[in-house]
């Protein structure tokens with residue numbers, strides 16, 4: 001019968017060593033370690049083929065190895081390599097105490113044994129791999145949901161339960177619409193299904209709802225998986241980004257919103273106006289200065305002034321905010337950016353703005369009333385960007401304020417020219433003071449009654465670089 005069986009393999013350093021054994025061959029393995037290359041089991045490993053030794057006395061190996069085998073009554077042996085993907089990973093060595101226990105005629109049986117062992121080996125590795133994958137999925141902090149082709153949930157990991165607040169019992173057999181928040185359109189879901197049913201991955205940020213009704217956000221990818229039997233399943237893998245979304249929302253508030261009134265600030269209205277401008281529709285920018293706010297702040301205090309600003313902001317949003325955007329862009333200044341169909345419509349909107357702001361405000365029994373100055377610029381006639389429109393509307397507002405309380409002005413190029421000329425003059429005078437460019441010309445003037453010298457008048461000129 002068989003006296004000894006062992007399994008050998010190479011370690012990471014390419015040393016051929018026993019993995020396990022059964023029988024009386026422990027001393028044999030130790031004694032042949034120095035000339036293992038001669039050992040039939042090692043030869044089978046290297047050649048990746050079954051080697052049969054019917055009679056050890058006739059075995060063509062080193063005499064020392066032959067003596068070692070005969071001394072232990074290993075009179076016949078065979079070696080069966082076990083492969084995976086064409087590469088030998090193990091070799092099975094068997095030693096019998098009878099000559100011709102293993103013969104060439106037994107190779108067919110050995111081939112069947114090899115096939116069965118390789119199948120078992122691969123199956124065992126698959127089971128171990130699946131167990132490892134299952135363990136990784138269970139312990140992962142990522143959201144993992146597996147569904148049938150029709151969307152029926154067949155698997156969820158612990159992270160799904162922790163993030164959503166649902167138990168496994170709640171979810172298995174349900175549809176992912178159980179997480180639906182109502183924040184996505186039908187077009188969004190139509191695109192999702194068209195993509196994954198075509199075999200493509202779908203990636204998006206999902207706004208979902210927990211069991212307790214709270215929103216949570218996932219950065220999620222849905223993968224179509226076709227199994228060997230051509231069954232299709234879908235695996236959803238996601239990362240919880242709820243905290244990041246909330247932080248982003250807070251940053252957006254600080255960046256784009258006015259803390260006193262809660263409406264957009266200048267950066268916010270610039271961003272929103274850019275979206276309207278990109279649609280290439282005619283728009284009007286109204287810059288509105290509240291006439292009388294300084295008096296309210298002085299008589300009633302800053303807190304009452306802030307209350308008035310918040311009330312005006314709410315009125316403007318309620319009356320006009322749905323069709324355009326409303327923001328506070330300076331201490332007493334609001335901006336409204338509104339789409340219009342024709343230029344004349346801007347006059348109607350300006351009247352509405354004045355009417356909304358002009359409604360009385362009552363505080364502790366006293367009646368407060370504001371009026372406005374307004375500067376208006378039109379897109380695309382007065383500029384192709386919000387910054388250009390804001391500059392033109394500011395020029396128009398400045399002209400309106402100079403004209404007096406309650407005045408409004410549309411931007412005209414003549415305003416811009418006068419502003420540019422005034423800016424050039426101020427700049428020239430400042431440079432003349434710094435660089436001593438003034439030249440004084442004195443001219444006498446006389447008394448009429450006796451033609452006596454009455455004094456001198458001075459003419460001041462500035463000498464520029466051209467003289």
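The values are calculated or read from the model by the stated rules, or taken from the named source; none is laboratory data. Since the model is a prediction, treat every value here as computed from it, not as a measurement. Every residue, glycine among them, receives a Cβ derived from its backbone with ideal geometry; neighbour counts consider all protein chains shown.
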_Of the conditions (1) assigned to a helix (DSSP H, G or I); (2) closer than 24 Å to residue 226 by Cα; (3) within 21 Å of the chain's Cα centre (by Cα), residue 163 satisfies every one except a single condition; which number is it?_
(2)
*Mind checking which pairs have a first residue in region 297-314 that is farther than 16 Å from residue 330 by Cα and a second that is in a helix (DSSP H, G or I), Cβ under 8 Å, 6 or more apart or different chains?*
304/296; 304/297
*Could you please find all residues in region 155-197 being without any contact (Cβ under 8 Å) to a residue 60 or more places away in the chain and over 21 Å from residue 233 (Cα atoms)?*
162, 164, 165, 166, 167, 181, 182, 183, 184, 185, 186, 187
*Within region 364-396, work out how many residues are in contact (Cβ under 8 Å) with a residue 60 or more places away in the chain and over 22 Å from residue 276 (Cβ atoms).*
6
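Matching residues to (1) farther than 20 Å from residue 81 by Cα; (2) surrounded by 13 or more Cβ atoms within 10 Å (Cβ to Cβ); (3) modelled with pLDDT of 90 or more:
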residue	(1), (2), (3)
13	no, no, no
36	no, yes, no
50	no, yes, yes
58	yes, no, yes
66	yes, yes, yes
*Of the residues that make up region 369-383, is at least one over 43 Å from the mean Cα position of the chain (by Cα) and in a helix (DSSP H, G or I)?*
no
*Could you count how many residues in region 57-113 are part of a loop (DSSP other than H, G, I, E, B) and in contact (Cβ under 8 Å) with a residue 40 or more places away in the chain?*
10
*Please go through region 274-292 and pick out each residue that is farther than 14 Å from residue 346 by Cβ and more than 24 Å from the chain's Cα centre (by Cα).*
276, 277, 279, 280, 289, 290, 291, 292
_All but one of (1) out of contact with any helix residue (DSSP H, G or I) (no Cβ under 7 Å at 6 or more places or on another chain); (2) farther than 30 Å from residue 327 by Cα hold for residue 147; state the number of the condition that does not hold._
(1)
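Rundown of residues vs (1) under 17 Å from residue 146 (Cβ atoms); (2) at pLDDT below 90; (3) surrounded by 13 or more Cβ atoms within 10 Å (Cβ to Cβ), yes/no style:
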site: 192; (1), (2), (3): yes, no, yes
site: 232; (1), (2), (3): yes, yes, yes
site: 250; (1), (2), (3): no, yes, no
site: 259; (1), (2), (3): no, yes, no
*Test residue 352 against the criterion of being more than 30 Å from residue 306 (Cβ to Cβ) and part of a helix (DSSP H, G or I), and give yes or no.*
no
